[in-house]
1. With the condition kept exactly as written, say whether any residue in segment 145-166 is closer than 20 Å to residue 214 by Cα and not basic (Lys, Arg).
2. Checking residue 87 against (1) assigned by TED's automatic domain parsing to the domain that holds residue 232; (2) among the polar types (S, T, N, Q); (3) closer than 30 Å to residue 59 by Cα: exactly one of these is not met. Which one?
3. Please list, ordered by residue number, the helices (runs of 4 or more DSSP H) wholly in segment 107-214 having 2 or more residues that are among the hydrophobic types (A, V, I, L, M, F, W, C) and in the same structural domain as residue 231 (by TED's automatic domain parsing).
4. Of everything in segment 214-236, what is within 15 Å of residue 119 (Cα to Cα), among the aliphatic types (A, V, I, L, M) and touching a residue at least 40 places away in the same chain (Cβ under 8 Å)? Give them in sequence order.
5. What's the number of the only condition in (1) in a loop (DSSP other than H, G, I, E, B); (2) at pLDDT 50 or above; (3) surrounded by 11 or more Cβ atoms within 10 Å (Cβ to Cβ) that residue 69 fails to meet?
6. Run down 161, 196, 246, 143 and say which single residue is at pLDDT below 95 and farther than 23 Å from residue 94 by Cα.
Amino acid sequence: MQEEGDERKRLISPASFCVKNQQKVTMDNMPVYSKGIETKRKFIILTYNKLCNHETSELTVRSLAKENGCSAAALYRHFDSLEYLITVASVRFLDEYMKQYANLLDSDKDFREIYIEGWELFNHYAFARPDIYYRLFWGKDNSIFGTAFQEYFELFPFKGSEKYTAHYYILLFNEDMQERDFMMLRRMENMGLISSEDALYFSYTNPLIARGMLRDAMDLPDEKKQEKEKFCNKLLRKNMERILNS
């Protein structure tokens, strides 16, 4: 229990990550490639910083273009729509989660524990911004998540898992949460840790638990969101209890 507590302390809080990135991602320390690439990066960073403190409905093409020092037409030259720009910028909220997830995959822990801690790691960041995570993984932006993530990753690449490199990147660009989960569970099945029936069962039930709890947390104050996160983790571990204790 102490080790689990220490591990949780090492996680970067989503709020501090947002502040850190607002300070970090300025044009002064950004390498200049082509003008077009730089403009796209500037739009994404600006939109991300806005999303840290504003609802998506508050963002407009005119205001973003003006703050970026260009015309509205320039935004549309680089992004199909404001909605698509917001989706690409929203991917930045997954940055720290995916980096931490790569570290978890490369750990020496039992793969069953890696699986359940992967969900807990997801919840740690998702319940801080349920509006964004729900929209990306289950909501209206889900159909373009894969494309948006690929575009974001090309502009802001980061190091992934070294032990499971191919698995990590296939997982990364998959917008279907059930398929993402089934990939992990199939690996456990191939290791002889669970049956094929269990893999299929958990790939349906665990995403449903997370989805429902995240949706319920959408408009709650921060304290209540944290309670929902803890209860979601409890439900997921209870659902996996037979497997985790075998």
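The values are calculated or read from the model by the stated rules, or taken from the named source; none is laboratory data. Keep in mind it's a predicted model, so treat the numbers as computed, not measured. As a convention, Cβ positions derive from the backbone with ideal geometry for all residues, glycine included, and neighbour counts pool all protein chains shown.
1. Start the filter on segment 145-166 by keeping residues that are closer than 20 Å to residue 214 by Cα, which leaves 145.
Those still in the list that are not basic (Lys, Arg) too: 145.
Looking through segment 145-166, at least one residue is closer than 20 Å to residue 214 by Cα and not basic (Lys, Arg).
2. (1)
3. The qualifying helices (runs of 4 or more DSSP H) are 111-126, 130-137, 165-172, 177-190.
4. 214, 236
5. (3) is the only condition that residue 69 fails.
6. Values: 161 fails: farther than 23 Å from residue 94 by Cα; 196 fails: at pLDDT below 95; 143 fails: farther than 23 Å from residue 94 by Cα.
Going through 161, 196, 246, 143 in turn, the sole match is 246.
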